[in-house]
Amino acid sequence: MDNVSVITIFYLSGLTESKNNRYIFFSLSLLCYCLILLVNITLIVTIILDKNLHEPMYILLCAFCMNGLYGTAGFFPKFLWDLLSPVHVISYSGCLLQAQVLYSFACSDVSILAVMAYDRYVAICRPLQYHSIMSRQRLMKLVCFSWLTPFCIHGANICLTSRLKLCSPYIARLFCVNWIIVALACFPAETMVNSIVAYFTILIYVFHGVFIVWSYIYIIRKCVNSIENRAKFMQTCVPHLFSLITFLFAILFDIMNIRFESKNLPQPFKNFIAIEFLVIPPLMNPLIYGFKLTKIRNRLREIVTLKNKLSLGTWLSDCEEQPP
């Protein structure tokens, strides 16, 4: 294998079947990204500016939305550029960076969902100790843990990938995926460490899922005989469960698509499965929480009402200033 060349760029071939409709896809993708930015930024700003929302549940929701902005920023700008470009390429370092961003985003979402489950467990099962357990200092540590740990774990995966000699620059996806880059290695024996670290990473986040299930077993047992706890569960836990189920289904579809990819499936369907976790959770989560959580819904309603009053006041002032 002396003729192995150093790869400096990758060719993304996931869009080959969409060239005829690229302007339609560009418009829809741009609209989707703008909606993601709008709903997430609205919720973040609302929580930051309203001191009544400076509670653990809302701070975690704010972190959740910030993570959604981080993950989608790693995909949509490049994807929108590719939709208008005749050749879909990405630099070697850019590909590794994109893989790092997208999968640290996905694992951070799992970590934040686990912290949210713990927060709901303490609020419902140990309400008298809630403020001492979920103190601001501990909450900040948990949020930092949810962001930094996935970033470091996937950073280790990317460093292991960067040492491999690759024999092909072609990636049959819309974006870079660490495992597909590893599959391009010239010497499969060198990827053994990558596989061990990857399965160890998967195991860590499987334990996150087990912890979430354990938390909800206790929460449901506590809520069965209490009308007050059932109301609290419906108000604060149902949005969390919906977000969790949506995200897990999106991730499972993507993992199955990578591991058991079928050549019989049409490329547009593969593309939809691939980007589902980057579209549906970041778009749906702020909407679900915004409509379901009473404090946020009321605050957003107040903002809209105030804006309408200010607009009406400005219009009346302009009318009064006009000469008869």
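The values are calculated or read from the model by the stated rules, or taken from the named source; none is laboratory data. This structure is a prediction, so every number in the text was calculated from the model and none was measured. Here the Cβ positions follow ideal geometry from the backbone for every residue, glycine too, while neighbour counts run over all protein chains shown. Ligands, DNA and RNA are stripped out before the accessible areas are found, and what is left, the full protein with its side chains, is counted by its heavy atoms. Shrake-Rupley method; radii C 1.70, N 1.55, O 1.52, S 1.80 Å.
Remarks
- Solvent-accessible area of the range 99-180 (1.4 angstrom probe, protein heavy atoms only): carbon and sulfur portion equals 68 percent.
- Length gained when the stretch Val210-Gln137 is fully extended (0.36 nm per residue, less Cα-Cα span): 23.7 nm
- Charge dipole (debye, nearest 20) of the range 137-239; +1 at Cβ of Lys and Arg, -1 at Cβ of Asp and Glu: 320 debye
- For the residue pairs Lys222/Lys295; Lys141/Lys295; Lys78/Lys295, alpha carbon separations beyond 32 Å are given by Lys78/Lys295.
- The slack between Leu241 and Leu38, meaning 0.36 nm per residue of separation minus the straight C-alpha distance, is 70.8 nm.
- For the range 1-158, the solvent-accessible area with a 1.4 angstrom probe is 48 square angstrom per residue.
- Alpha carbon centroid spacing (whole Å) that separates the range 74-100 from the range 109-152: 34 Å
- For the range 76-208: relative contact order, % (alpha-carbon pairs under 8 angstrom, 6 or more apart): 32 percent
- Taking Lys and Arg as +1 and Asp and Glu as -1, the other residues whose beta-carbon sits under 12 Å from that of Lys51 total 0.
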